[in-house]
Amino acid sequence: MNPSYFITTLGCPKNQADSREMERSLRKRGLIPCDSAEKADYHIINTCSFIEPAREETIQTALEAAEIKTSNPRQKLILSGCFSERYPDEIKKDLPEVDFIFGTGNFDRAGEIIEEQFRLKPETGYGTPSLKDKQQHYAPLKISEGCNRSCTFCSIPQFRGKFRNLEKNKILAEASLLAKEGVKELEIVSQDTVSFGNDPDDLLDLLEEIQQIQGIEWIRLLYLYPDRKTEKILEGIKKRKLPTLVPYFECPIQHASDRILRSMKRAGSASFYSRLFSLARSVSQDLEIRTSFILGFPGETEEDVEKIIEFIQSHRIEKVSLFRFFPEENTAAALLKDMVPEETVLERMNEVRRIYLDLLREIHRERMGKVYKCIVDSIDGSSILARRPQDAPEIDESVILPFREGIGVGDIIPVKITGYNEYDMTGIMEC
Ligand code: SF4
């Protein structure tokens, strides 16, 4: 019997894409999927190291996995990804239960690497990279790796490296394979999506080719850095026919005070972001915007936070993520003076969240009675969980509607919005 594996994935949709690439490689080398970490011969944790809470979750997960190993001593525990890339020596010293680590660069060779490291001889020969048995109806599709930008709060370039495009034919091959495996919705992901290719037209060309793939019904762009490239992409989207591109603009601006944006070394300004968001709204009238803000950046004042609140309200932003600033190791921001006390940061986050939720209630009221083509994410005995094109999987709102015979996961159905609670909505099938 060939050895089995189980992958635990932490972190962002990019990590999910990496885990999928790893899994294809493991299967190709004959390793077989196991339905539990306890029983697997190889337990791989694809780690995250983005900010302090993410690292704590990685360490906690590794310690729990080490505990699991005590009941399956033959098991090999492997750490891959961002945390492994960033802290190889610390893992060796502080997590002796970990048998092997590899970083962020070789997910497509994970099978060979593990085969070599543990001298595996797959008894029943090699397998196929198909994941048909476990594919969901949506999946992240990575188009590039790394980042050349230098946001002063961000450590990602330290362990994801410089920006590099993935080969177009490999991206399209993976998109086709996903479609064959039943995927209908693709989330285009990378650290810096708008830097794909040599100019913005390359990303638009890629979107046009992806939408030719049979079975792909929705395409969503994620991680659009707020600069001129994004402006050109929005203008290009307006000129081209991209019916599968969902009305969704995800663009993390991180702050709305120009003074803080300069200190973060972010491109643009609040007035440029305003123009960008207005341009995004002109792409399609039912487009919704997701953005994120970092609160508590060194030197931040109440006036700076006011600017965030004004920006959210004046642009009626539908989806807002709030992050607390963490002085990340080896980043320029960690050396800045005027750190904001934790208590003050949490007060500011609560205040911005309160105001955002007031706005979201108004936005929910405007959605009442509207009909959206929703994709079915899950079904249990009594209800269906669906999602509008304006909502990203595992990040944004869902619509809960009564169970209906004959509806399947991945189906796209017309849903009328009938109610809402804090984030999610309720609805009925309209037909
Ligand atoms: S764009 Fe900035 S925040 Fe995003 S990965 Fe690059 S350096 Fe980090």
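Points worth noting:
- Entries in LYS239/LYS265; LYS319/LYS370; LYS69/LYS168; LYS142/LYS229 that, when Cα-Cα distance is taken, lie over 30 Å: LYS239/LYS265; LYS69/LYS168
- Whether the range 134-233 is rounded, prolate or oblate, judged on the alpha carbon gyration tensor where a/c under 1.5 counts as rounded: prolate
- Each of HIS364, VAL246, SER155 was placed along the dipole of the chain (beta-carbon charges, centred on the mean Cα), and the one lying farthest toward the positive end is VAL246.
- Highest-first arrangement of 281-288, 384-391, where packing means the average Cβ count within 10 Å: 384-391, 281-288
- Under the Karplus curve 6.51 cos²θ - 1.76 cosθ + 1.60, θ = phi - 60°, whole-Hz ³J(HN,Hα) for the range 201-206, x wherever Gly or Pro sits: 4, 5, 5, 5, 4, 4
- A straight line joining the Cα centroids of the range 1-78 and the range 341-391 runs 31 Å.
- Computed from phi, the 3J(HN,Hα) profile of the range 34-45 under the Karplus parametrisation 6.51, -1.76, 1.60 (θ = phi - 60°) reads 10, 8, 8, 5, 4, 8, 6, 6, 10, 10, 10, 10 Hz, with x in place of Gly and Pro.
- Carbon/sulfur fraction of accessible area - the range 371-429, other protein chains in place, 1.4 Å, %: 54 percent
- Equivalent-ellipsoid semi-axes for the range 4-117 (Cα gyration tensor, √(5λ), whole Å, largest first): 19, 17, 13.
- Nonlocal amide H pairs with ILE32, under 5 Å, H built at 1.01 Å: SER4, TYR5
- Each Cα pair under 8 Å and six or more residues apart adds its separation to the average, and for the range 371-429 the resulting relative contact order is 36 percent.
- Net charge dipole size for the range 320-431 [Lys, Arg +1 and Asp, Glu -1 on Cβ; Debye, nearest 20]: 500 debye
- For the range 310-346, applying the loop criterion from DSSP together with a ceiling of 15 other beta carbons within 10 Å to the trypsin sites (Lys or Arg not before Pro) yields ARG316, LYS337.
- Here the Gaussian network model covers the chain, with springs between Cα atoms less than 10 Å apart; of LEU26, LEU221, LEU120, LEU120 fluctuates the most.
- Of PRO33, PRO53, PRO13, the one that fluctuates the most in a GNM where the chain has Cα springs shorter than 10 Å: PRO53
- Cleavage-rule hits, trypsin sites (Lys or Arg not before Pro), the range 44-86, DSSP coil, Cβ neighbours within 10 Å at most 12: ARG74
- Normalised by 2.2 N^0.38 Å, where N is the number of residues, the alpha-carbon radius of gyration of the range 322-396 equals 1.69.
- P(r) weight above 38 Å for the chain, C-alpha pairs, percent: 25 percent
- Where only alpha carbons of the range 281-431 are counted, the Rg and the Dmax (Å): 19.0, 61
- The range 371-429: C-alpha gyration tensor shape, a/c 1.5 cut-off, then a/b vs b/c: rounded
- GluC sites (Glu not before Pro) within the range 318-357, DSSP loop, no more than 14 other Cβ atoms inside 10 Å: GLU329
- Straight-distance candidates among the lysines for linking to LYS180, with alpha-carbon spacing under 16 Å and chain neighbours fewer than 8 residues away dropped: LYS132, LYS134, LYS170.
- Across the chain, the mean sequence separation of Cα contacts (distance under 8 Å, 6 or more residues apart), normalised by length, yields a relative contact order of 10 percent.
- Evaluated at q = 0.10, 0.13 Å⁻¹, the base-10 log of the normalised Debye intensity for the range 131-367, with identical point scatterers placed on the Cα atoms, takes the values -0.52, -0.86.
- A simple rule links phi to the HN-Hα coupling: the Karplus curve 6.51 cos²θ - 1.76 cosθ + 1.60 with θ = phi - 60°, which for the range 78-95 gives 10, 10, 10, x, 4, 5, 5, 5, 7, 10, x, 5, 4, 4, 4, 6, 9, 10 Hz, with x for Gly and Pro.
- The spacing between the range 198-221 and the range 263-311, judged by their C-alpha centroids, is 27 Å.
- Accessible surface area normalised per residue over the chain is 45 Å², counting heavy atoms of protein chains with a 1.4 Å rolling probe.
- Measuring nothing but protein heavy atoms, the accessible surface of the range 4-117 at 1.4 Å probe radius is 49 percent carbon and sulfur.
- Relative contact order (%) - the range 4-117, alpha-carbon pairs under 8 angstrom, separation at least six: 31 percent
- Remark: spin-label model distance SER71-GLU208 equals 5.6 nm, labels positioned 7 Å along the Cα→Cβ axis.
The values are calculated or read from the model by the stated rules, or taken from the named source; none is laboratory data. Bear in mind that the values here come from a model prediction, so they are computed numbers and not experimental data. Don't worry about glycine lacking a Cβ; one is built from the backbone with ideal geometry, like all the others, and counts go over all protein chains shown. Surface accessibility is based on the protein's heavy atoms, side chains included, excluding ligands, DNA and RNA. Shrake-Rupley method; radii C 1.70, N 1.55, O 1.52, S 1.80 Å.
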